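Below is one structure, written out as structure tokens; the observations come after it.
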């Protein structure tokens, strides 16, 4: 086993006991001044479209609806919704459920336009 020990030496021309410091701020000073963003508050990557399957799971759809073996049974089962409705019809339902069906118990979900489109396209592919 080898033990490597390094000794700090003053630069050439400096006395051994001087307080030599490199130019510029010390690394720890830079780290403390930089404000790192809170990852929980960081916006989603704006160039990537949201993925519909993730949105269905994270935007509350499964609180009422069922998708495969996941979710609740109080709303319609979304597993084969693409056999009955296309993406345009699903978008209309998401934007205004009572405008499409006055008997609907579903409230208008608080989704962005991009989220509505992504969810509708995902659900329309479920056959």
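For first residues located in the stretch 59-87 and free of Cβ contacts under 8 Å to residues at least 24 places away in the same chain and on the phi < 0 side of the Ramachandran plot, partners that are in a helix (DSSP H, G or I) and surrounded by fewer than 16 Cβ atoms within 10 Å (Cβ to Cβ) and lie 6+ apart or on another chain with Cβ distances below 7 Å form the pairs 72/63.
Evaluate the stretch 60-72: report whether one residue or more is part of a loop (DSSP other than H, G, I, E, B), more than 16 Å from residue 111 (Cβ to Cβ) and either touching a strand residue (DSSP E or B) at 6+ places or on another chain (Cβ under 8 Å) or at pLDDT 90 or above (or both). So far as the stretch 60-72 goes, yes, one or more of its residues are part of a loop (DSSP other than H, G, I, E, B), more than 16 Å from residue 111 (Cβ to Cβ) and either touching a strand residue (DSSP E or B) at 6+ places or on another chain (Cβ under 8 Å) or at pLDDT 90 or above (or both).
Is it the case, given these coordinates, that residue 76 is in contact with a strand residue (DSSP E or B) (Cβ under 9 Å, 6 or more places away or on another chain), surrounded by 12 or more Cβ atoms within 10 Å (Cβ to Cβ) and within 20 Å of residue 51 (Cβ to Cβ)? Taking the combined requirement at face value, the residue does not satisfy it.
The values are calculated or read from the model by the stated rules, or taken from the named source; none is laboratory data. From a predicted model like this one, the values you see are computed outputs, not experimental measurements. A quick note on method: Cβ atoms are made from the backbone with ideal geometry, for glycine too, and the neighbour counts reach across all protein chains shown.
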